[in-house]
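Asker: Next up is a structure, given as structure tokens.
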Amino acid sequence: MPFTAKVITADEWDAKPPVPGTFPFPVTSPRYIIVHHTDNKNPPNDPSQSTLDGAKQFARNIQHGHFRRGWSDSGHNFLNTTGGFILEGRHGSLNAVEQGLCIRSAHAAQDDGKLAGGNDSPGIENEGNFMTFQMEQNQWDSLVELCASLCSSCQISPVNIKGHRDFSDTDCPGDWLYNQLPQLRKEVTDKLGMNLSPDELSNDRPIRSLKLGSTGEDVLQLQKALIARGFKPGAADGLFGENTRAAVIAFQRSLGFEMVDGIVGPQTRAALRL
């Protein structure tokens with residue numbers, strides 16, 4: 001599915017250009033979607049006042065603040081405001097995700113013991129402080145729409161919708177919003193017509209890509225799924241060898257995948273209902 005969320009581009013909200021010499025930013029292959037909050041006041045005192053003009057001004061204010069930190073541009077990829085307006089953050093973000101890619105940003109630095117690679121994946125800032133405040137429906141709906149578009153376009157599993165605190169020592173995106181991530185994953189899964197179990201939707205472990213040399217229970221489940229569909233990965237032993245790779249390639253070809261690589265990423269997992 002293509003990227004369908006309506007996004008106000010950086011040019012449309014009159015963003016300043018990135019620091020000279022830093023653009024274009026490196027292109028990355030995203031694995032996660034990272035949910036943040038801006039830690040500003042909530043309605044009725046929200047900075048954007050739930051208006052389009054307010055959303056654009058808020059985006060400009062955030063970019064200005066990030067420049068003052070010494071960053072080369074807005075640190076996030078997208079901003080979701082209280083009015084349900086979605087705005088591009090770092091320049092080039094929208095174009096990249098429409099092609100199934102991302103650009104390196106500055107929203108989720110890795111701390112010890114946390115997940116890595118956050119800045120290579122799209123980060124969504126949500127206007128407000130969601131420690132206890134519950135997001136209103138317009139803003140929630142636009143967050144679901146944006147996450148579904150990113151999952152679809154970038155082939156990211158909804159299970160890999162994460163919170164900022166999974167990567168960094170922070171309370172972002174707030175206790176309430178972080179605890180809503182299973183519900184967010186479920187609504188995104190429903191919107192995409194996928195079938196994931198409640199355990200998968202609440203699981204904090206990222207789903208990994210499986211490839212030649214991978215081992216473990218998830219490889220065993222892969223092999224069983226291939227056998228059930230008439231493909232021949234060899235023994236169901238939890239070892240991703242050449243026979244398993246050949247079976248995955250045959251499965252991908254049978255469905256007419258554009259990318260036939262023998263790697264079990266989000267698209268192949270979804271097709272196998274893994």
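Asker: For TRP13, work out the one condition from (1) in the same structural domain as ARG165 (by TED's automatic domain parsing); (2) over 30 Å from ARG269 (Cβ atoms); (3) crowded, with 19+ Cβ neighbours inside 10 Å; (4) among the aromatic types (Phe, Trp, Tyr) it doesn't fulfil.
Answerer: It fails just one condition, (1).
Asker: Can you pull out the residues in region 246-274 that are β-branched (Val, Ile, Thr), more than 18 Å from ALA148 (Cα to Cα), out of contact with any Pro (no Cβ under 8 Å at 6 or more places or on another chain) and part of a helix (DSSP H, G or I)?
Answerer: ILE249, the sole residue that qualifies.
Asker: Just for region 166-183: of the residues that are under 23 Å from ILE103 (Cβ atoms) and either among the acidic types (Asp, Glu) or surrounded by fewer than 24 Cβ atoms within 10 Å (Cβ to Cβ) (or both), which one is farthest from the chain's Cα centre (by Cα)?
Answerer: Residue satisfying both the conditions and the ranking: THR170.
Asker: May I pose another question? Among (1) part of a helix (DSSP H, G or I); (2) in the same structural domain as GLN99 (by TED's automatic domain parsing), where does MET194 come up short?
Answerer: Unmet condition: (1).
Asker: Those residues that are under 15 Å from the mean Cα position of the chain (by Cα) and part of a loop (DSSP other than H, G, I, E, B), I need them from region 3-29; list them, please.
Answerer: PHE3, THR4, ALA5, SER29
Asker: Under 8 Å between Cβ atoms, at least 6 apart or on separate chains: pull out the pairs that start in region 40-66 with a residue that is over 23 Å from ASP171 (Cβ atoms) and end on any residue that is outside any loop (DSSP other than H, G, I, E, B) and of a type in the set (S, T, N, Q).
Answerer: SER50/ASN138
Asker: Suppose we filter MET131, MET135 for residues that are surrounded by 20 or more Cβ atoms within 10 Å (Cβ to Cβ), over 13 Å from the mean Cα position of the chain (by Cα) and within 24 Å of GLN63 (Cα to Cα); which single one remains?
Answerer: None of the other options fit; the residue is MET135.
Asker: Ok, one more. Say we look at region 185-206 and pick out the residues that are closer than 19 Å to SER149 by Cβ and either hydrophobic (A, V, I, L, M, F, W, C) or exposed (fewer than 14 other Cβ atoms within 10 Å of the Cβ) (or both); which of these is modelled with the highest pLDDT? Give the derivation first.
Answerer: First pass over region 185-206, keeping only residues closer than 19 Å to SER149 by Cβ: 185-194, 196, 201.
With either hydrophobic (A, V, I, L, M, F, W, C) or exposed (fewer than 14 other Cβ atoms within 10 Å of the Cβ) (or both) added as a condition, the list becomes 188, 192-194, 196, 201.
On the way: VAL188: 95, LEU192: 92, GLY193: 90, MET194: 87, LEU196: 78, LEU201: 78.
Here the residue is VAL188.
Asker: Okay, moving on. Of the conditions (1) crowded, with 22+ Cβ neighbours inside 10 Å; (2) modelled with pLDDT of 95 or more; (3) of a type in the set (Ser, Thr, Tyr), SER72 clears all except one; give me its number.
Answerer: Checking SER72 against (1) crowded, with 22+ Cβ neighbours inside 10 Å; (2) modelled with pLDDT of 95 or more; (3) of a type in the set (Ser, Thr, Tyr), the one that fails is (1).
Asker: Answer yes or no: is there a residue in region 146-163 that is crowded, with 19+ Cβ neighbours inside 10 Å, among the aliphatic types (A, V, I, L, M) and farther than 30 Å from ALA271 by Cβ.
Answerer: No, region 146-163 contains no residue that is crowded, with 19+ Cβ neighbours inside 10 Å, among the aliphatic types (A, V, I, L, M) and farther than 30 Å from ALA271 by Cβ.
Asker: Those residues that are closer than 18 Å to TRP176 by Cβ and of a type outside the set (Val, Ile, Thr), I need them from region 21-43; list them, please.
Answerer: HIS36, HIS37, ASP39, ASN40, LYS41, ASN42, PRO43 - these are the residues of region 21-43 that are closer than 18 Å to TRP176 by Cβ and of a type outside the set (Val, Ile, Thr).
Asker: Find the residue count for region 44-58, including only residues that are under 13 Å from GLU136 (Cα atoms) and either surrounded by fewer than 16 Cβ atoms within 10 Å (Cβ to Cβ) or outside the structural domain of GLY89 (by TED's automatic domain parsing) (or both).
Answerer: The total comes to 1.
Asker: Does ASP112 count as assigned to a loop (DSSP other than H, G, I, E, B) and loosely packed, with under 13 Cβ neighbours inside 10 Å?
Answerer: Yes: the conditions hold for ASP112.
The values are calculated or read from the model by the stated rules, or taken from the named source; none is laboratory data. Predicted model, so just to flag it, every value in this text is computed and none were measured. When we count neighbours, we look across all protein chains shown, and the Cβ atoms used for this are built from the backbone with ideal geometry, even at glycine.
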